[in-house]
1. What range in the chain is the longest one free of GluC sites (Glu not before Pro) that are in a loop by DSSP and have at most 16 other Cβ atoms within 10 angstrom?
2. Between residue 43 and residue 62, what length in nm is gained on full extension when 0.36 nm per residue of separation is reduced by their alpha carbon distance?
3. If the viscosity is 0.692 mPa s and the temperature 37 °C, what translational diffusion coefficient in µm²/s does Stokes-Einstein give for the chain when Rh comes from Kirkwood over Cα pairs?
4. In nm, what is the difference between 0.36 nm times the number of residues separating residue 15 and residue 36 and their Cα-Cα distance?
5. Would you mind working out the accessible area per residue for the stretch 4-51, using a 1.4 Å probe, and quoting it in Å²?
6. For the stretch 18-81, which whole-number percentage of the solvent-accessible area (1.4 Å probe, protein heavy atoms only) is attributable to carbon and sulfur atoms?
7. Run the 1.4 Å probe and let me know the accessible area of residue 33, rounded to the nearest 10 Å².
8. Would you calculate a helix-derived [θ] at 222 nm for the chain, using -39,500 (n - 2.57) for each DSSP H run of n ≥ 4 and dividing by the full residue count, to the nearest 500?
Amino acid sequence: MKEIEFPAIFHVAEEGGYWVEFPDLGIFTQGDDLEEAINMAGDCLLCYADEIKEDTKVTPIENIVLAEGEYVKLIKPKYYK
């Protein structure tokens with residue numbers, strides 16, 4: 001199977017925790033803290049993996065514009081084979 005890795009933007013949620021978006025895919029998840037949000041992002045990407053088309057463009061991480069307090073990280077599912 002193909003390897004997948006996409007940038008995820010981590011936003012601080014007003015109610016606490018983080019919400020996460022994959023701008024190239026239009027999918028979202030959340031976590032109570034940053035560690036959980038990173039794990040949930042991997043799970044989210046894994047669940048969506050079969051829907052990703054071969055020609056889906058991956059935005060280079062350095063081209064992603066962040067607002068104050070946002071964080072970007074490349075996410076690769078832990079168990080995807």
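The values are calculated or read from the model by the stated rules, or taken from the named source; none is laboratory data. Not measured: the values here are computed from a predicted model. All Cβ positions, even for glycine, are placed from backbone atoms using ideal geometry, and neighbour counts span all protein chains on display. Quick note on the areas: whole protein, heavy atoms, side chains included, nothing else; ligands and nucleic acids left out. Shrake-Rupley method; radii C 1.70, N 1.55, O 1.52, S 1.80 Å.
1. Formally, the longest exposed-site-free interval is 16-53.
2. Roughly 4.5 nm would be gained on extension.
3. The diffusion coefficient I find is 255 µm²/s.
4. 6.0 nm
5. 54
6. Values: 2260 of 4520 Å².
Within the stretch 18-81, the accessible surface is 50 percent carbon and sulfur.
7. Number for this one is 80 Å².
8. Mean residue ellipticity, 222 nm, calculated: -6000 deg cm²/dmol.
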